[in-house]
Amino acid sequence: MFRNIKTYREGALIEDEQIKSYVESFESELLRGISTLSALSIIQRHPDEGIYGYQLLKELEQETGRTLIIEEGTLYPILRKLERDELVVSERKDSGGRPRKYYKLTTKGTELYQHMVGFFSKLLEAITPLMDIEIKLPEKKFIYCPNCTNKIPQEAEVRFCNICGLNIEGLSK
Amino acid sequence: MNENNESRILIDAFKVEVKKKLPIWLKAKEDELKDFLDELEDHIWDKSSELAEGVDPQVMHVREAIRLMGNPRKIAKEFRTRGTPKFFVTEELWPWYYRSLIFSGIVSILVTMITMAFKLGKGDPAGAIVGDAFWEMFVGFAFAFAAITLLFVQLSYHGFLPEDFKRMAEEEIKPHAKKPKKKRPKKPKTVLPTSGSYLFEGIVGLVLGGVLIFYPFANINEPFMTNFMVGFPEWLKLVGGVFVIGGIIRFSQALIGKRLRLQQMFLVLHIIPTSLNLALFLRLLFNPNLIQVALQNRFVDANIPLIVKTIVIIGAVLSILGMFGELAKIAKLEVKGFTYTEIKYEKRIDVK
């Protein structure tokens, strides 16, 4: 994200090398997990045909108004890790005359993604009072498991949370 | 040089740079490495086409696309972020690290014991031998400590995880995979002999040792012994003492049962009587008068020196193998526990 700041005025705080390096490292740490989650969000939108890396980055840039930018080369190690952890599967297919590697979520990946999104949403909601920001979770559409924060659609006919097994029957329908 | 060639050279140079910076565990997997680098190349071409706005990408577009990929070091670094830092070795590798240290410590003790046995067998002064032994153990362990620490710091830096060792080992096995066979339930293998067999070994050691020390048949053989075998009774008593020590250790192992650390400690302790036995065997080799004169007098035509030499060498080799066997048991206990089933084989025969 920091790379978006292309210019700054002379004497600005960011000119200081120590501050610049601190901000860069802070943003990079904060973005690490968010990048993975965002990549998964884009991949889960393409359950049938899958999505290849370049297309994923394009969608990510468009969806986040170029605020969340994953450095292009670093996306692929993230995708490799997701594949190694069996959250996504990949397949080489021809597209536009070139073979490309398409990624799709696995069943395990889909389930874990819901949990990760749930956790992230609840975390954001929880820290809002600290930061003077406002976040409203779509609690009419989803139940957030009180035990593990898994995000479960309200219309889903499930009695137990598929991540932690908590009985969620009767929770705000 | 045409545009295409120049673009090709730029992309290849970028791939080489990335490859150089990648961690060893990824470089070791050739297929995955190639696939990863190809994917980076696909991305560069896609980006170049976008920058070229519909026409064939030029070198400048490729160059810009490569710049946007980011620094090869940073790309490779993403692979190195695996593992939770703990000092300079990651938390995931920590158990392997200290196990390796313990193992190298035991190996250094074992090698020192064997050296000591040879020196004792030769008849060097005991004080000097023990002093040397401690120094040799210290130097051996210090070198092993430095080498193992360096290795694990490097592996941690490269984001190596324990499952990478496993994966690499499985990849080694794959080409030799056997044809599917009918599944048969496997009986779990035990790393250590049962308590019963340790108890038996313990009793045998104590009884045999007792017999050799107290020598109840001395009155029968006494004239023969005093005439021809000067020093041999003392040698037998020493062998008996070593058997007793070994027996007590085995007996204790039978009582300890499945207490991992204690069993490992007693396995290390058992190396001591085995090395003493080795020393006593070698004593026969370096001091042939102990036994050869007596036997030569009884079996005049036999080549007694050769027979004794052969027996001693076989005994020494078996003792050394026994010591390494104890070492292997300690390592297996650490890795597999007391029992294990050949899971890998079971998994492999499932593949259609």
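The values are calculated or read from the model by the stated rules, or taken from the named source; none is laboratory data. Predicted model, so just to flag it, every value in this text is computed and none were measured. Cβ sites come from the backbone with ideal geometry, for glycine too, and all protein chains shown count toward neighbours. Areas reflect the complete protein model, heavy atoms only, side chains present, ligands, DNA and RNA absent. Shrake-Rupley method; radii C 1.70, N 1.55, O 1.52, S 1.80 Å.
What the table below lists for this structure:
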item: Filter result for the condition that a residue is charged (D, E, K, R) and at pLDDT below 85, over A:27, A:91; result: A:27
item: Any hit, the stretch A:71-94, residues being farther than 19 Å from residue B:78 by Cβ and open to solvent by less than 70 Å² (accessible area, probe 1.4 Å); result: yes
item: Contacts under 8 angstrom Cβ, first residue in the stretch B:49-76 being of a type in the set (Ser, Thr, Tyr), partner not in a helix (DSSP H, G or I), 6 or more apart; result: B:49/B:57
item: Condition broken by residue B:36, with the remaining ones in (1) within 11 Å of another protein chain (Cβ to nearest Cβ); (2) in contact (Cβ under 8 Å) with a residue 24 or more places away in the chain; (3) aromatic (Phe, Trp, Tyr) satisfied; result: (2)
item: Options A:90, A:21, A:28, A:41; residue that is closer than 30 Å to residue B:163 by Cα and away from every other protein chain (no Cβ under 12 Å); result: A:41
item: Where residue B:24 falls short, out of the listed (1) modelled with pLDDT under 85; (2) among the β-branched types (Val, Ile, Thr); (3) open to solvent by less than 10 Å² (accessible area, probe 1.4 Å); result: (3)
item: Residue in the stretch B:131-138 that is within 30 Å of residue B:289 (Cα to Cα), under 42 Å from the mean Cα position of the chain (by Cα), crowded, with 20+ Cβ neighbours inside 10 Å and more than 12 Å from chain A (Cβ to nearest Cβ) present; result: no
item: Residue B:41 vs. criteria facing another protein chain (nearest Cβ under 9 Å) and either assigned to a helix (DSSP H, G or I) or more than 50 Å from the chain's Cα centre (by Cα) (or both); result: no
